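The values are calculated or read from the model by the stated rules, or taken from the named source; none is laboratory data. Since this is a predicted model, take the numbers as computed values, not measurements. When we count neighbours, we look across all protein chains shown, and the Cβ atoms used for this are built from the backbone with ideal geometry, even at glycine. All accessible areas refer to the heavy atoms of the entire protein, side chains included, with ligands and DNA or RNA removed. Shrake-Rupley method; radii C 1.70, N 1.55, O 1.52, S 1.80 Å.
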Amino acid sequence: MDGSSILHTIVFHRALGLVRPKDIDLELFDITYVQCGDEDLEKKIEEKIEQFIGWVEKHPNKKSQICLSFYEVKNRQPSWFTNKIERLYWEQWYVNWNVAQHPKAHSSKSHHSKVVLDPGESALEETNARRAALEASLREALFQIIKFVNEKKDHVPPIPNPEGVVYFPYEITIPSSSDSTFGMDMIKRMLQTGHPTMLS
């Protein structure tokens, strides 16, 4: 599934209106989605996707998840245990990915030779069916995102200084080298924000 299209769709529909929409046609699927037309945002998302792909390649059998969080910045009285600046997360999207492996040719061994069998039409049909399923899944995910952001707005905080503001503060978190670190970080945020939004 195209990860950047999901992240861009979420950010675009949580933008504050001061954006230049840009239609993007996916290469593999008959799907068009909208970006905010911001080069810095595009670069940040693509960098996170590349880091995520690199992590998945190194940990093929581990859970693959990206978290996109929106937050407020609050000033608070500093103490021994807290910073002066605090992030209050008001919406989080947990996006799970399953990485599909490309089908490989089958081999048949005998005493005298090794014959490589062409996957042929059956493999092509399987590939096309898988692509159609992925396209349907991505289309449904994008639809659910748009539906949610249009219906759920009561928890969105007011904009303290609307002049020149395009996006709410956000961050994109990917698994670190340690699954336990990523897991504990997610648990802490869930305790801070209550019930997170789940997107599979």
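Before moving on, here are some points about what is shown:
- Residues (open to solvent by 30 Å² or more (accessible area, probe 1.4 Å) and in contact (Cβ under 8 Å) with a residue 40 or more places away in the chain) located in segment 1-13: 1, 2, 13
- Look at segment 144-160: where a residue is more than 18 Å from residue 6 (Cα to Cα) and a partner is open to solvent by less than 90 Å² (accessible area, probe 1.4 Å) and assigned to a loop (DSSP other than H, G, I, E, B), sitting 6+ places away or on another chain with Cβ atoms under 7 Å, you get 159/16; 159/165.
- Inspection of segment 111-126 finds no residue satisfying the criterion of being open to solvent by less than 50 Å² (accessible area, probe 1.4 Å), at pLDDT 85 or above and under 30 Å from residue 59 (Cβ atoms).
- Within segment 133-186, the set of residues being modelled with pLDDT under 75, loosely packed, with under 10 Cβ neighbours inside 10 Å and not small (Gly, Ala, Ser) comprises 160, 161, 163.
- Of all residues in segment 14-66 being open to solvent by 40 Å² or more (accessible area, probe 1.4 Å), among the basic types (Lys, Arg) and part of a loop (DSSP other than H, G, I, E, B), the one that is farthest from residue 94 (Cα to Cα): 20
- Residue in segment 65-73 that is free of Cβ contacts under 8 Å to residues at least 60 places away in the same chain and at negative phi present: no
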